[in-house]
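Student: Take a look at the following structure, please.
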Amino acid sequence: MITDRQGHILKLALDVYLHDNDAITSGRLFDRGGFELSSATLRNELARLDELGYLYQPYTSGGRYPTDRALQWFVEEFVVDTLQPDHFSDSLEHEFVSVDPNQHFFYNFAQFAANTCDSFCNVHVDEVSYQAGLDDLFSHLDTDSPETIRAIVRDIERLNERLEEFKSKRNNEEYLEVFIGEKSPVTDSKDLAVLLLTMHNADFDGVTVLIGSKRMPYKRNMSFLEASKQFLEKM
């Protein structure tokens, strides 16, 4: 459990990481935070967030980065209750004026979702996957190490099989779920964030998956999936 002050510091730290694509330093946070505390106290609180498992510092003299636990905390505390699906309702209605839930529609929907969210999208319906956006996934990763790329390729190759397993074992009522790093039930790579939308309709039952960098814009992408749920339910 973190204190209110630590939560404020951690929120600002995540803003730096997600929006500036940069390491978290006490100097940068102090300059933008408007803190009523000394720089020494801020450094102590950052060290405490390290101990609590929310931040980590790869090198003693370098900046910090959020852990998966911190990113999950950010989504649950600041994103889930602020989604804005109305921002995407009109674009979905315009893109799919005439809707027929067939293979052509699901592939086009996957392509539209990938382009909108700058992520890899997999729409899994009736044991068939419709995929798009692999370029979007790799172009937004924070690393280009061959080992990471190979691990992600293996995840994509196994995705259809693992989505079937996920659907068969799923026993909760959540329709939109966020998995960061190794907590994902459908990927193994520690470098990915996975958004899973369970879709129900009179004509089909499936899952839409967005896979991207852990720095993805969670509010935008989750708002898009929320709008997609509402749109698909009306088909």
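Computed from the coordinates by the stated procedures, all read-outs in this text should not be read as laboratory data. Just so it is clear, the structure is predicted and the values come from calculations on it, not from any experiment. Glycine also receives a Cβ, built like all others from the backbone with ideal geometry; neighbour counts cover every protein chain displayed.
Student: Report the extension gain between GLU36 and LEU134 in nm, rounded to one decimal, defined as 0.36 nm multiplied by the number of residues separating them, less their alpha carbon distance.
Tutor: So the extension gain works out to 30.8 nm.
Student: Would you mind calculating the gained length between HIS94 and PHE78 on full extension (0.36 nm times residue separation, minus the Cα-Cα distance), in nm to one decimal?
Tutor: Stretched out fully, the HIS94 to PHE78 stretch lengthens by 2.8 nm.
Student: Say R0 is 41 Å: what FRET efficiency, to the nearest 0.05, do ALA47 and ASP86 get from their beta-carbon distance?
Tutor: 0.45
Student: Moving to a separate point now. Going down the table (LYS11/LYS214; LYS167/LYS234; LYS190/LYS234; LYS11/LYS167; LYS11/LYS169; LYS11/LYS229), which pairs top 26 Å between alpha carbons?
Tutor: In this structure, LYS190/LYS234; LYS11/LYS167; LYS11/LYS169; LYS11/LYS229 lie more than 26 Å apart at Cα.
Student: So between ASP126 and ASP22, what do we pick up on full extension, going 0.36 nm a residue minus the alpha carbon distance?
Tutor: 33.3 nm
Student: Additional query: Could you tell me what % of all Cα pairs in the chain have separations over 21 Å?
Tutor: Counting every Cα pair in the chain, those more than 21 Å apart make up 59 percent.
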